[in-house]
1. Using amide H atoms built in the peptide plane, which far-off residues or other-chain residues are under 5 Å from residue C:572 H to H?
2. Placing unit charges on C-beta atoms (Lys and Arg positive, Asp and Glu negative, everything else neutral), compute the dipole magnitude of the range C:291-412 about its Cα centre in debye, rounded to 20.
3. Relative contact order of chain C: what whole-number percent is it, with Cα pairs under 8 angstrom and at least 6 residues apart?
4. If R₀ is 41 angstrom, what is the calculated FRET efficiency for the pair residue A:3 and residue C:706, using the beta carbon separation as r and rounding to 0.05?
5. If one computes the Cα centroid of the range B:42-62 and of the range C:317-369, what distance in Å separates the two points?
6. Mind listing the long-range amide H neighbours of residue C:305? Cut-off is under 5 Å, sequence gap 5 or more, other chains count too, H placed in the peptide plane at 1.01 Å from N.
7. Compute the acute angle (0 to 90°) between the alpha-carbon long axis of helix C:661-674 and the principal axis of greatest extent of the alpha-carbon atoms of chain C; round to the nearest 10°.
8. Under the 0.36 nm per residue contour assumption, what length would be gained going from the current alpha-carbon distance of residue C:24 and residue C:623 to full extension?
Amino acid sequence: MKEIIVRLVQILSEGTNISFVLITVLVLASATVAALSRSVVQAAFALFFTLLGMAGYYVLLGSGFLAITQIVIYVGGILVLLMFGILLTNRPLQREKADAGRLYLVAGAIGAVLFLGVLVHVIVAAPWAVGVAPGAPAGDVRPIGRLLFDRYLLAFEVAGMTLLLCLVGAAYLVRRRDQ
Amino acid sequence: MTETILRQLDVFLADPTGLHTYLVVSALLFVLGLIACMARRNAIGILIGIELILNAAILNFMVFWHFRGGQATDSTLAGPMMGIFLIVLAACEAAIALAVLLNLYFNFGTVEVDSIRRMKR
Amino acid sequence: MSILAIAILILCLPVAMFGVLALFHNRIPRHGDFLAILTLGACLLFSTILFFKAFFSDGSTAVWGFGAVGWLAARAGNALSSGILVDNLTAAMLVVVTLISFLVHLFSVKYMEGDVRYGRYYCGLLFFTASMVGVVLASDLLWLYMSWELVGLSSYILIGHWYEKKSASDAAIKAFITTRIGDVGMLIGLLICYWKVGSLQYADLFAAVQTGGLAGGWHTIAGLGIFFGAMGKSAQFPLHVWLPDAMEGPTPVSALIHAATMVAAGVYLTARMLPFFDSTTLVFIAYIGGFTALFAATIAVVQDDIKKVLAYSTVSQLGYMVLGLGVGGYVSGMFHLTTHAFFKAGLFLGSGAVIYAMHHEQSMSRYGGLRRKMPVTTVCYLLATLALVGFPGFSGFWSKDAILADSLAYAMLHPIHAFLPIAGFVTVFLTAFYMFRQFFLTFTGKPRDSHAYEHAREAPWQMLVPLIVLGALAVVGGGFGGWFGAMNPKRGGEEQVDAIVRSGYVSTWTSRLSLSSVSTLSTESTPSTSEHGESAHGPEVEALHKAHYIAMGLSTILGLSGIGFGALFYFERRNGRALFDPARVAARFAPIHRLLWNKYYLDEIYMLCFVMSFRGIAWLAAWFDRLVIDSIVNFFGLLGVAGSWIVEIFDRYVVDGLGVNGAARVTALLGEGLSFSETGRVRQYIVSMVTGLLVAAGACAFAYFAF
């Protein structure tokens, strides 16, 4: 048991990349709060930090553009949207009733941990074809811009169309209905 | 048991910021999202869980792109591209979900999913 | 612009405008009649340009093919192709069609004013014109046949324009079906052509006839079949019955359909296919034409309805054209078609003006003295009448004379066919008689219906302009004989022939001509080797020269005497009475009068022969059906009843009980049971999902690592 802890500390400390460690801690801690906090507002704020941490991961993994996108769209857009949702639908002063969900929480936690076990087992045991980790590219904005209109044009158009349809659909769903 | 866990930890020790570590983080995020989906009664909480799952997926794409098998260069930028498109889809999903939630709120006065059981006979 | 571009434009303009008007005529002011008129004006302009281009250019034929239509190939390698052919014949026909159509469009503005289906009427006119142009432009029988049927359809629409009137809708159906009967023959001819020759292009067919690729009995049948189609459209003797009835349509439509276009289509087809017909067919054509000319003229003598007279006159004149073509007078037939189109359209439009003035009264016995009220109409009508009668100097004189001379020359070469010129000359007399009877009854004397007479007014300018144009053409139209004469290889003028009809068609035709009219019965088996130069000096030319003067003199005398007789009977002197009373003559020859009045009882005979016999057969069939077939059917029906009783028991207890109801009950039970899992709790569903995912992932991982 002691050895396991030693190893874990080793893993966390021996990594020369301190930023990775910090980001990992941030992400996991805030994600746990986001998933388990009883207050939805709290969960949303926790999600904010998780998303920021994810952006950090993307920087580490070599795509600054995706990190910026993550912050602008996810944090700036989606999260704000969630906040709006919370504010619009939550009656203030109404606390969640704790007991009704407990059974599910337990069942879900057990299932989830089992699932996590399976996943980790697969991750460790699978023969990944791991290559050399390349250094981060100098800048990926220009190639991404080119690729969007070249190789990924169809996907780009479809995504655009999907966005438009969502816009229309959302507007349709929440239109004012005269009773 | 301990032996097994130690052997597995050794894998991470070999490269602490390598593929395996990232994948485990991703798996953790995924499972946390799942738990949120299952345990939350507030629909927005479920939505937050879904966002966590989506982020886990994006992270997986990025990780596999980053640690691609031996290739030094990649002109297609598949990982960031998938990330971008997933973020777009997430935005769509959030917008629609919010619209649905607002509708639910107008019609039922709540977004507690357990209270919305009209389909139940 | 090239000839082809113009031709395609002439075809496409009315089609396009038809589409526009058909869709939007309700939203356009005046239902878009001015658009239709402008379109036709443009078509007329283009046709005129095309005419001069075709006649004065190097004379080569413009042919444009659509190319082969692969899926139409009944046999490998014989794909049907279609296209546009522009030669002198086409160009001349196009001018006639578009000119008359344009004038009719203009005339209709007033005549159809306030009609409930004004826009539809103009759509019909455009549609008709377009299909007629299609007939003329076709380079092959396939396209011609399609346009031909479109002509039939549009004539159905136009004749039945006032379909609330039973007689009008009946007439439309009659016209459609009668021409369809002819078209069946034409289809048979087409099929034989395709079967034997493998193509429907005119050029291929002519070539096949020349090289003997199509000969003998099949050739005759094919030729007769195609001419049968022409008989239907051009109202030749057994199939002419539709034309007089078709007078139920609006009068401008009569002018369009029955003077210039639809009935001319049959003549055009006969002329176009003339090199194709063999001598048997040509003789048949000549006899049909001659008989029709005489036959219809006799009926026209006693008719009372102003339009009926004109209708039978048209049938008679069409008989002339067919007669001319049948004896080999390609040019005279087409010449007469053109002049006839002018003066007969003039007559129809003139009668339209009269009918309009008399508030849609069509009976001549209620007219009279209209010349004082409608002087311009009277003059135009008189000019057209004189042209039709063949008064010397008028257009009809030249063209009719050409036909008579051709038939006379033919009879001089073959005395056995003396009937043909005799019928022609008698018809000249009758024509003069009935036309002046009509003219006198309508425009001179005292008004017989004073009330209507008081209200009669000269026609408005939209009607007068076409009348004046057509009246003038009726006078000077004979001048165009030069053009047509130039088409005629028989008439000397070889330079003109060379310059004008150098389509490769004439040389074909020339040899065919000598084959048909010179050696029809005597030396039929000997293929003619005479080339175009030789034939110009053959015996037929001599005969024609002689015949020409005889025909001219004889027809003048006959025509004048016919006019004289008409005056004797119908021109009222100062005392208000004619010299002879027609009623007394009619009473004297009562049986003949009744026979003629009833149009030889042809409609009744048809009724008896075809309709009644079919009814008889149907009655017999019904009787047989009731007695024999029904009892058999009833027997099997009873068997079926007995059988179904057994089946019913099986059905009720086995199929319903076990099968249907059983399955339904099982399903219901299952649904009851499973509905317990449907709690409506979203989170429960998610847990179920995750559980399933867990199991699946676990199974996969286990399978992967275990094996």
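1. Here C:445 satisfy the definition.
2. 380
3. Result for chain C is 11 percent.
4. E(calc), rounded to 0.05, equals 0.90.
5. 89
6. C:364
7. Its long axis makes an angle of about 60 degrees.
8. Here the segment from residue C:24 to residue C:623 would lengthen by 210.3 nm.
Read the figures in this text as sums done on the coordinates, not as results from a lab. Treat the numbers as computed from the prediction; the structure is a model and nothing was measured. All Cβ positions, glycine included, derive from the backbone under ideal geometry; neighbour counts span all protein chains shown.
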